1. Mind listing whichever residues of segment 153-165 are surrounded by fewer than 21 Cβ atoms within 10 Å (Cβ to Cβ) and in a helix (DSSP H, G or I)?
2. For segment 129-140, which residues satisfy the criterion of being in contact with a strand residue (DSSP E or B) (Cβ under 7 Å, 6 or more places away or on another chain) and loosely packed, with under 14 Cβ neighbours inside 10 Å?
3. If the requirement is being in contact with a helix residue (DSSP H, G or I) (Cβ under 9 Å, 6 or more places away or on another chain), over 16 Å from Ser160 (Cβ atoms) and part of a helix (DSSP H, G or I), which of these qualifies: Val48, Val42?
4. Filter segment 141-152 down to residues that are under 19 Å from Asp96 (Cβ atoms) and within 20 Å of the chain's Cα centre (by Cα) and give me whichever is surrounded by the most Cβ atoms within 10 Å (Cβ to Cβ).
5. How do the strands (runs of 3 or more DSSP E) wholly within segment 59-98 filter down when requiring 3 or more residues that are modelled with pLDDT under 95 and over 17 Å from Glu169 (Cβ atoms): which remain?
6. Please verify whether Asn168 is under 23 Å from Glu40 (Cβ atoms), out of contact with any Phe, Trp or Tyr (no Cβ under 6 Å at 6 or more places or on another chain) and either acidic (Asp, Glu) or exposed (fewer than 13 other Cβ atoms within 10 Å of the Cβ) (or both), treating the condition exactly as stated.
7. Taking the condition exposed (fewer than 11 other Cβ atoms within 10 Å of the Cβ) and within 30 Å of Glu110 (Cβ to Cβ), does Ala24 pass?
8. Can you find a residue that is surrounded by fewer than 16 Cβ atoms within 10 Å (Cβ to Cβ), polar (S, T, N, Q) and touching a His at 6+ places or on another chain (Cβ under 6 Å) anywhere in segment 87-98?
Amino acid sequence: MVVMGTVSGSILFGVNSLTAGRIAHNEELKLKTAFLEALEVVYSQDEVLKTFAGNVEAVEKEGLVFYRGKDQSVAFEFRGPGLWGPISGIISLNPDLKTVRRIKILHQEETPGLGARIADNSYLSQFKNKEFFPSLVFTPAGQAKANNEVDGITGATGSSKALEKLLNETIQKNISRLKNA
């Protein structure tokens with residue numbers, strides 16, 4: 001049993017060592033692709049790194065990294081608690097720093113078929129050009145009227161409220177940094 005454990009452990013260690021670089025590269029591609037999409041930069045899958053380097057500038061301000069597109073739009077990561085688990089993603093703001101350009105969810109653990117709809121492009125598309133001052137407001141489905149209102153998800157009020165709180169807190173925390181970046 002000791003020999004089998006040692007052999008198995010050695011094999012796992014070897015496989016991990018061989019694939020660690022590739023995993024890190026794939027994670028970098030995934031993140032840079034998400035930022036390109038959030039900043040609405042056109043790219044081809046085989047030239048993500050080159051397109052990112054030529055179109056996006058990383059700006060560090062007070063320990064936070066912002067990504068600025070050539071058109072002066074800005075994107076940054078957000079992460080925090082959802083209803084059932086963590087939510088993380090990227091939000092981009094138009095150059096006016098008053099309106100949302102795009103939101104992309106990278107990870108969520110909400111209820112499949114209900115709260116998990118927060119990651120659907122069809123749901124996230126409603127955030128485009130929404131103002132976030134004084135804050136984004138999630139309304140019952142079909143009732144969003146004002147320029148800072150978006151429809152929540154019917155049957156997933158907790159997930160909608162968690163995303164609302166996360167986005168508002170992140171934007172409010174970072175907007176003063178953005179204006180000075």
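1. Thr157, Gly158, Lys161, Glu164, Lys165
2. So in segment 129-140, the residues in contact with a strand residue (DSSP E or B) (Cβ under 7 Å, 6 or more places away or on another chain) come out as 129-132, 136-139.
If the condition is that a residue be in contact with a strand residue (DSSP E or B) (Cβ under 7 Å, 6 or more places away or on another chain) and loosely packed, with under 14 Cβ neighbours inside 10 Å, then Asn129 is the only one that fits.
3. Numbers: Val42 fails: part of a helix (DSSP H, G or I).
Result of the check over Val48, Val42: Val48.
4. That would be Val150.
5. Working: elements: 64-69, 74-81, 86-93.
Here the list is empty.
6. On the way: under 23 Å from Glu40 (Cβ atoms): yes; out of contact with any Phe, Trp or Tyr (no Cβ under 6 Å at 6 or more places or on another chain): yes; either acidic (Asp, Glu) or exposed (fewer than 13 other Cβ atoms within 10 Å of the Cβ) (or both): no.
When the stated conditions are applied, Asn168 does not pass them.
7. Values: exposed (fewer than 11 other Cβ atoms within 10 Å of the Cβ): yes; within 30 Å of Glu110 (Cβ to Cβ): yes.
So Ala24 passes the test.
8. yes
The values are calculated or read from the model by the stated rules, or taken from the named source; none is laboratory data. As the structure is a prediction and not an experimental result, all values here were calculated from the model. Note: ideal-geometry Cβ built from the backbone for every residue, glycine included; neighbour counts use all protein chains shown.
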